[in-house]
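All remarks here apply to the structure that follows.
What follows is calculated from the coordinates using simple rules that are stated; it is not laboratory data. Not measured: the values here are computed from a predicted model. Backbone-built Cβ (ideal geometry, glycine too); neighbour counts: all protein chains shown.
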Amino acid sequence: EAQVTQNPRYLITVTGKKLTVTCSQNMNHEYMSWYRQDPGLGLRQIYYSMNVEVTDKGDVPEGYKVSRKEKRNFPLILESPSPNQTSLYFCASSLLPGLDGYTFGSGTRLTVV
Amino acid sequence: AQSVTQLGSHVSVSEGALVLLRCNYSSSVPPYLFWYVQYPNQGLQLLLKYTTGATLVKGINGFEAEFKKSETSFHLTKPSAHMSDAAEYFCAVSGDNAGNMLTFGGGTRLMVKP
């Protein structure tokens, strides 16, 4: 089944403790992206990647890191999480987002206390 | 730069009534437009999209949307609401030169009353 898989689904952590949210897609898509969803703000792009080793900032990149060492994987790294990063995170992939839209994962609900 | 405005963060309709969710966009280039649906505790699922050609686009679950360039709108409609339509709906626009940015609206939560 074609899908985007992200883990974990739920995560509670403490301020300052580094964490990684994994994301993998099995559709051979070139583009991958991370979004955060907050009430009333819709989805805002954090980072995206157009191909292996090619990443760029989205609208809200501060406090996040990403890497794209393999085509299928695009982990999101929070080096020192803070409470304002409490949010619902989505990984997404696409052949060409502007034309096809994105295929989304099921989301990771992160709480930073 | 492109942007999307969804009028009404919450919309409530009765089962069997018309569903109308509003979306207005701005884009400096011809836009591609999308509607996504998010059911509770799930990711976003593509409902329909407009790229070029026919301005009335039909999607899954009986939804459709019409691209109106003069009004910069892409409203989502369904003739008769069903309880299972209760979800959050997001309008999105792409149109930047690189084609990799999808800009989302703030979302509209649809409630369906029995």
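For A:I77, A:I46, A:I12, what's the fewest-to-most ordering of other Cβ within 10 Å of each Cβ?
Least crowded to most crowded, the residues run A:I12, A:I77, A:I46.
Taking Rh as the Kirkwood radius computed over C-alpha pairs, what is the Stokes-Einstein D of chain A at 37 °C in a medium of viscosity 0.692 mPa s, expressed in µm² per second?
236
With springs only between Cα atoms under 10 Å apart, run a GNM on chain B and tell me which of B:N24, B:N41, B:N61 wobbles the most.
B:N41
First obtain the Kirkwood hydrodynamic radius of the protein assembly as shown from its Cα pairs, then insert it into the Stokes-Einstein equation at 37 °C and 0.692 mPa s, and state the resulting D in µm² per second as a whole number.
Answer, rounded: 183 µm²/s.
Going by how many other Cβ atoms sit within 10 Å of their own, how do A:E70, A:E30 line up, fewest first?
By the 10 Å Cβ count, ascending: A:E70, A:E30.
Give me the inter-chain shielding for B:84-93: mean count of other chain Cβ atoms within 10 Å, whole number please.
Shielding by partners across B:84-93 averages 1.
With both bridge residues required to lie in chain A, what share of the DSSP beta bridges run antiparallel, to the nearest 5%?
DSSP beta bridges in chain A are roughly 90 percent antiparallel.
Beyond 15 Å, what percent of the Cα pairs of the range B:43-90 remain?
Within the range B:43-90, distances greater than 15 Å cover 47 percent of Cα pairs.
Stokes-Einstein diffusion coefficient for the range B:3-114 at 4 °C in a medium of 1.567 mPa s, Rh from the Kirkwood formula over Cα pairs: what value in µm²/s?
Reported coefficient: 92 µm²/s.
Which of these, A:L43, A:L99, A:L19, has the largest mean-square fluctuation under a Gaussian network model of chain A (Cα springs below 10 Å)?
A:L99
Do any of B:K78/B:K113; A:K71/B:K58; A:K57/B:K49 go past 27 Å between their Cα atoms, and which?
A:K71/B:K58
By count of other Cβ within 10 Å, fewest leading, how are B:H82, B:H10 ordered?
Listed from fewest to most nearby Cβ atoms, that is B:H10, B:H82.
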